[in-house]
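Below is the structure I would like to discuss, written out as structure tokens.
The values are calculated or read from the model by the stated rules, or taken from the named source; none is laboratory data. What you are looking at is a predicted structure, and each value in this text was computed from that prediction instead of being measured. Don't worry about glycine lacking a Cβ; one is built from the backbone with ideal geometry, like all the others, and counts go over all protein chains shown. For the accessible areas, the whole protein counts, side chains as well, though only heavy atoms, and no ligand, DNA or RNA atoms are used. Shrake-Rupley method; radii C 1.70, N 1.55, O 1.52, S 1.80 Å.
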Amino acid sequence: MLSIKNLHVSVGDKPILKGINLEIKPGEIHAIMGPNGSGKSTLSHILSGKSGYTVTEGSATYQGKDLLEMPPEIRAREGVFLAFQYPVEIPGVSNVYLLKAALNSIRKHQGQSEVDAMDFLTLVKGKVRLLEMDEKFLYRAVNEGFSGGEKKRNEILQMAILEPKLCILDETDSGLDIDALKIVSEGVNSLRSPDRSFVMVTHYQRLLDYIKPDFVHVLANGQIVKSGGAELALELEEKGYSWLEDAEASA
Amino acid sequence: MSASTQEINNLINQEYKQGFVTELETNTFLPGLDESVIHKLSKIKNEPEFMLEYRLKAFRHWQTMKSPEWAFVKFDPIDYQSISYYSAPKRKEDGPKSLDEIDPQILEAYKKLGIPLDEQERLAGVAVDAVFDSVSVATTFKGKLKDAGVIFCPISEALRDHPELIKEYLGSVVPITDNYFAALNAAVFTDGSFVYIPKGVRCPMELSTYFRINAANTGQFERTLIIADEGSHVSYLEGCTAPMRDENQLHAAVVELVAMKDAVIKYSTVQNWYPGDKNGLGGIYNFVTKRADCRGANSKVSWTQVETGSAITWKYPSCVLTGDNSVGEFYSVALTNNYQQADTGTKMIHIGKNTRSTIVSKGISAGKAQNTYRGLVKVLKSAENARNYTQCDSLLVGDQCGAHTFPYIEVKQPSAQVEHEATTSKISEDQLFFCQQRGLSAEDAVSMIVNGFCKEVFKELPMEFAVEAQALLGLSLEGSVG
């Protein structure tokens with residue numbers, strides 16, 4: 001699905017990622033953990049195509065194609081989805097309008113016919129029920145006046161409708177209370193499938209209580225300093241990040 | 001190059017779609033303006049004597065006036081002697097009696113513009129008056145409207161057939177001395193629409209006028225007069241396009257609306273005159289005076305405008321709220337791209353008691369364009385309990401354009417309530433990236449965000465126009481990102 005090799009990324013002259021290696025196979029869930037400033041958000045941004053970053057070395061191959069060459073909308077149409085840490089508001093544009101435009105641009109790219117309004121509503125309403133959201137959500141402007149939890153749920157709704165192949169969740173648990181966290185996690189779990197992969201970027205272990213990862217990677221100072229199974233997250237919860245950073249510094 | 005980049009480039013290079021020229025034999029005056037031209041004009045239109053007097057009086061007054069310089073627009077002085085004041089497609093002596101007699105080339109031109117004049121192909125329920133350069137070439141559904149008692153005809157025809165209405169109402173809202181361009185218009189106006197809705201009649205269909213400038217080196221001087229008698233109701237739409245030329249052309253219009261007691265007039269404009277090329281060459285100067293008099297108690301006038309065309313727009317559709325409890329509304333979207341300039345807004349003059357007005361203005365600037373909102377809310381001593389609400393929002397696309405707001409508020413009545421809200425925002429990179437990450441191209445994303453910004457105004461437009469306006473906005477923004 002995704003193969004990242006020796007990836008170096010800078011913002012301006014400042015190196016942020018310093019040689020990331022990561023292999024993600026279809027159906028796998030990878031958690032990227034790490035302290036603030038370790039480069040977690042940079043990684044999700046560079047994979048989804050946000051501007052302002054320079055790749056100085058290395059590569060990222062997605063389904064056999066050079067991911068970093070593609071403009072962001074092509075990545076999206078090819079099935080890369082970023083659930084934003086801070087979803088933006090778009091006043092006056094209804095959720096349902098954005099969703100339909102997005103879905104049709106993706107379908108068109110994949111050589112499928114556009115969905116008509118009726119089929120689309122049926123599809124969307126099903127997903128809305130799945131995520132225990134109010135249908136009124138659909139007709140409100142994108143994220144405008146939404147609470148933190150509503151915004152995050154809205155991201156998962158978009159994911160459920162667009163059915164991406166590679167889902168990147170950037171600090172999806174931040175700002176969520178425990179009930180919202182449960183609903184969001186259930187939404188993500190319901191989307192797990194053998195041909196869909198997830199990259200979950202998170203600071204805290206608690207999200208992993210609800211979405212069980214196959215692999216956990218610890219990012220510190222722009223490098224993956226330790227990789228392991230789900231149990232690594234529990235170890236981090238107990239010991240914090242400093243022992244890994246110290247270990248790296250002394251290595 | 002990836003597919004989407006290719007797509008964007010194709011879109012950016014798309015030309016102004018209405019920019020074609022129709023080759024026709026015309027009857028066109030030589031350029032120049034003096035009293036003899038006005039005599040000739042009045043004669044060719046077979047006008048009653050009082051109209052010639054009216055025109056000459058206006059012309060003499062205009063000669064004493066100076067071109068206004070207070071608007072936030074820049075242009076070289078206009079040489080009024082280099083403009084031709086009349087151009088009409090040649091036709092048989094009496095003019096066409098039915099659509100079959102209209103030059104097929106003209107019918108074809110309107111078809112290309114998406115306005116089939118053939119009633120069989122019409123948009124159901126919309127009557128069209130088609131003004132081509134200086135003359136009205138066709139008015140559809142006249143018969144059906146006549147049955148309802150509605151008069152809908154070219155104003156040049158009304159001058160001959162309904163002189164009593166013209167005498168009473170023409171210039172009663174915008175006097176010949178009102179301003180420089182209004183005085184010029186009064187002297188040399190050629191055609192436009194005339195509407196009279198009798199007492200208690202609800203006009204059975206939408207009325208519309210489609211203005212087309214075709215001939216080169218001409219000015220178009222449109223004059224429209226709509227009278228809604230007591231308790232009547234009418235919705236009127238206008239659309240405008242012109243060919244692409246390197247020279248600037250002048251469109252100086254005057255529109256007067258009169259609403260009597262309990263009457264309602266809804267007036268919608270989708271203005272898409274040629275805006276000039278991306279370097280600012282050519283385009284229409286759209287210098288327009290539009291004003292409504294809510295003369296009777298409980299009357300209501302609602303202006304909705306979507307202004308995407310013209311090199312320069314100078315236009316303030318206004319309401320004089322004379323009648324007690326009368327209501328004035330102004331909903332506006334003005335979009336400027338490349339080197340376009342717009343100075344537009346409204347005036348709400350509260351005279352009667354309990355008069356109310358609402359102003360919602362959305363200005364969008366892209367490229368190197370300048371967009372100005374200028375609005376006056378005036379509450380006279382007599383206007384007890386008058387209320388106004390103004391909302392004025394500006395959206396910037398890119399970092400080389402400008403948005404400006406000049407609100408004027410004059411209140412002489414202590415019981416009045418006047419509210420003004422204004423915002424300026426920019427399409428953020430985060431919004432763009434978010435939309436792109438959902439699969440939309442940058443162009444589509446901008447168009448979607450802008451449409452969202454304009455939603456409050458678009459919902460005031462009649463259905464068919466709302467769709468057209470959205471599409472137009474998308475086209476006008478092409479090339480504004482990336």
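With the crude spin-label approximation of a point 7 Å out along Cα→Cβ, what separation in nm comes out for A:Tyr210 versus A:Ala117?
Roughly 3.5 nm, to one decimal.
If you don't mind, another one. Using a 1.4 Å probe on the protein chains only, how many percent of the accessible area of the stretch B:24-477 belongs to carbon and sulfur? It would help to have the intermediate numbers written out before the result.
Details: 8460 of 17180 Å².
Here it works out to 49 percent.
Under a point-charge model restricted to the Cβ atoms of Lys and Arg (+1) and Asp and Glu (-1), what is the dipole moment magnitude of the stretch B:349-402 relative to its Cα centre, in debye to the nearest 20?
Details: 8 positive and 3 negative charges, 60 e Å.
Dipole size: approximately 280 debye.
For B:Val418, list long-range residues whose amide hydrogen, built 1.01 Å from N in the peptide plane, is under 5 Å from its own amide hydrogen.
B:Asn388
What nm distance separates the two modelled labels at B:Lys40 and B:Ser382, each placed 7 Å from Cα along Cα→Cβ?
4.5 nm
Roughly how big is the stretch A:1-153's charge dipole about its Cα centre, with Cβ charges of +1 (Lys, Arg) and -1 (Asp, Glu), in debye to the nearest 20? Before the final figure, lay out the partial values.
Working: 20 positive and 17 negative charges, 37 e Å.
The calculation lands at about 180 debye.
If I model a spin label as a point 7 Å beyond the Cα along the Cα-Cβ vector, how far apart are those points for A:Glu235 and B:Glu69 in nm?
Between A:Glu235 and B:Glu69, the label points sit 8.0 nm apart.
Moving to a separate point now. Which of B:Pro175, A:Tyr53, B:Trp314 sits closest to the plus end of the dipole of the protein assembly as shown, meaning its Cα is farthest towards the positive end, when Lys and Arg get +1 and Asp and Glu get -1 on the C-beta?
Result: B:Pro175.
Which of the chymotrypsin sites (Phe, Trp or Tyr not before Pro) across the stretch A:1-103 are loop residues per DSSP, with 13 or fewer other Cβ within 10 Å?
On the way: sites: A:Tyr53, A:Tyr62, A:Phe81, A:Phe84, A:Tyr97; in loops: A:Tyr53, A:Phe84.
Here no loop site has a sparse enough neighbourhood.
Could you please state how large a percent of the accessible area of the stretch A:1-157 is carbon and sulfur, counting protein chains only and using a 1.4 Å probe?
Values: 3370 of 6710 Å².
After summing per-atom areas, the C and S share lands at 50 percent.
Counting protein heavy atoms only and a 1.4 angstrom probe, how many square angstrom of accessible surface do chains B and A bury in total, to the nearest 100? Can you show the working numbers first?
On the way: alone 20170 and 11760 Å², together 29760 Å².
By this definition, chains B and A bury close to 2200 Å².
Ignoring ligands, DNA and RNA, what accessible area per residue does the stretch B:24-477 give at 1.4 Å, in Å²?
On the way: 17180 Å² over 454 residues.
Here the residues of the stretch B:24-477 average 38 Å² of exposed surface.
For the stretch B:193-201, what does the Karplus curve 6.51 cos²θ - 1.76 cosθ + 1.60, with θ = phi - 60°, yield as ³J(HN,Hα) per residue in whole Hz, taken in order and with x for Gly and Pro?
So the Karplus estimates, Gly and Pro as x, are 10, 10, 10, 10, 10, x, 3, x, 8 Hz.
Taking amide hydrogens as modeled 1.01 Å from N in the peptide plane, which residues meet the under 5 Å criterion relative to A:Arg196, leaving out close sequence neighbours?
So A:Arg196 has HN proximity to A:Gly27.
Quick one: Karplus J couplings for the stretch A:95-107, per residue in order, coefficients 6.51, -1.76, 1.60, θ = phi - 60°, nearest Hz, x for Gly and Pro?
Once θ is set to phi - 60°, the couplings for the stretch A:95-107 become 3, 5, 5, 4, 4, 5, 4, 5, 4, 5, 5, 6, 4 Hz.
Sticking with this one: Checking the a/c ratio against 1.5 first, then a/b against b/c, what shape does the Cα gyration tensor give for the stretch A:1-93?
Working: a/c = 1.40, a/b = 1.14, b/c = 1.23.
Rounded shape, in that the Cα axes give a/c under 1.5.
A follow-up question, please. Amide H neighbours of B:Trp273 under 5 Å, at least 5 residues apart or on other chains, H built in the peptide plane: list them.
Long-range HN contacts for B:Trp273: B:Gly309, B:Ser310.
With θ taken as phi - 60° and the coefficients 6.51, -1.76 and 1.60, list the Karplus ³J(HN,Hα) couplings across the stretch B:259-268 in order, rounded to whole Hz; mark glycine and proline as x.
Going residue by residue, I get 10, 7, 3, 6, 8, 10, 10, 10, 10, 10 Hz, with x marking Gly and Pro.
Just from its helices, what would the mean residue ellipticity at 222 nm be for chain A, if runs of 4 or more DSSP H residues each count -39500 (n - 2.57) and the sum is divided by every residue, rounded to the nearest 500 deg cm²/dmol?
Numbers: 10 runs with 99 residues, N = 251.
Computed mean residue ellipticity for chain A: -11500 deg cm²/dmol.
Where in the stretch B:25-47 does the label zone of B:Asn217 land, with the point 7 angstrom along Cα→C-beta and an amide N cut-off under 11 Å?
In the stretch B:25-47, the label zone of B:Asn217 (backbone N under 11 Å from the point 7 Å along Cα→Cβ) covers B:29-32.
Now, a different point. Rounded, prolate or oblate: which one fits the stretch B:125-251, using the alpha carbon gyration tensor with axes a ≥ b ≥ c (rounded when a/c is under 1.5, else prolate when a/b beats b/c, else oblate)? Please list the in-between numbers first.
Values: a/c = 2.24, a/b = 1.41, b/c = 1.59.
Oblate shape, in that a/c is at least 1.5 and b/c is the bigger or equal ratio.
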